[in-house]
Amino acid sequence: MTQSNHASLLVELLTEELPPKALARLGTAFADGIVERLAARDLIDGAPVFEKYATPRRLAVLIRNVRDVAPEKQVREKVLPVSVALDKEGNPTPPLAKKLAALGFPDFPLAELERAQDGKAEAFFLRYAAPGATLADGLQAALDETLGKLPIPKVMTYQRPDGTSVQFVRPVQRLVAMHGRDVVPVSALGAIRAIRPSVIDSCRKASSRFRTPTNTPTRCAAKGMSSPISTIAANRFARSFWRSPATTAS
C-alpha cells in the first residue's frame, strides 16, 4: 500500500488588480473549487478544513491535511459478456485478450476473472487495486477545472511574454503551490511559478536561525519569494510549517 505524507497546501494565484465587485465571488469560487476537486480525488484526509483569501491582486486557499498521494482504490470493472469473451469450446477469444490489454492487464489469467450475472447475461469482471492520484496530477486537474468555471464578469485576452494568448479576468503574474516545504509542479494560465526549490532551501536555512515562526515570510520575501496571501495568512502558514513534526528543523 502506498504511504502518503500529510501537510498543509497553499495555492496562490497572483494577478493584476481584480475587479472589486467580483473579488469576493472569485475568491470563494477559487477556493471552493480547488477544495471540492481535491476532496473528490481523495487527496484531503477527513473533512476539508481550509481558509480562503481574496485581495485585489491575488486569489488563494490554504488547505489542511492534504495528502501527496491518494490511497489505492479497489476497482471492479466489467470486461466483456461471457458470450463474447469465450468461444464455443470455452476458450478465451481475441476480443477478450484485446480488452484485457486495453485495461492494462494483458496476461491476466482467465481463472482469476470474476464471472457474475450482469442483467440478463453473464459477464466477466476484473478486480484490481488502482493507484491513487498524486497531488501534482490532482491539483493540476483541480486548477484547470476551477479556473475554467470561475464567475468572471468579463473575460479579457492578453499575451504572455512568450507570445501565447491567454483569456482570464486579469493577467496572471505568478503561481504559488506549496505542500508543506515542497513545491507542487503545476501551472495555470501560462503563469510562472513564484517559488523555486533553491529559494525554498535558502529560506529554510535562513529561517532555522530564528526562534519565532513569524520571521519566516519576511526572510523569504527578502530572498525573492512571494509572501503568501497576507501578513495574517503568512504567519498562520509559517506556524503550521514550523509545528509539523515532518518539517521541523532539527
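Key figures for this structure:
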item	result
Filter result (in contact with a Lys or Arg (Cβ under 9 Å, 6 or more places away or on another chain) and without any contact (Cβ under 8 Å) to a residue 40 or more places away in the chain) within segment 1-45	27, 28, 31, 32, 35, 44, 45
Check on residue 75, in contact (Cβ under 8 Å) with a residue 40 or more places away in the chain, out of contact with any Gly (no Cβ under 9 Å at 6 or more places or on another chain) and part of a strand (DSSP E or B)	yes
Residues satisfying the stated conditions in segment 7-63, i.e. under 19 Å from residue 152 (Cα atoms) and of a type in the set (S, T, N, Q)	15, 28, 55
Exclusive hit being under 14 Å from residue 143 (Cα atoms) and in the same structural domain as residue 153 (by TED's automatic domain parsing), set 24, 29	29
Filter result for the condition that a residue is touching a Leu at 6+ places or on another chain (Cβ under 9 Å) and either on the phi > 0 side of the Ramachandran plot or in a loop (DSSP other than H, G, I, E, B) (or both), over 18, 80	18
Selection within segment 109-139 - assigned to a loop (DSSP other than H, G, I, E, B) and either more than 30 Å from residue 9 (Cβ to Cβ) or basic (Lys, Arg) (or both)	109, 113, 119, 120
Search result, residues across segment 84-108 that are part of a loop (DSSP other than H, G, I, E, B) and among the hydrophobic types (A, V, I, L, M, F, W, C)	103, 105, 108
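Let's see how each residue does on (1) surrounded by fewer than 16 Cβ atoms within 10 Å (Cβ to Cβ); (2) farther than 30 Å from residue 178 by Cβ; (3) of a type outside the set (Gly, Ala, Ser):
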site	(1), (2), (3)
47	yes, no, no
56	yes, no, yes
81	yes, yes, yes
95	yes, yes, yes
99	no, yes, yes
117	yes, yes, yes
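The values are calculated or read from the model by the stated rules, or taken from the named source; none is laboratory data. The structure displayed is predicted, hence computed values, not measured ones. Here the Cβ is made from the backbone with ideal geometry for all residues, glycine too, and neighbour counts use every protein chain on show.
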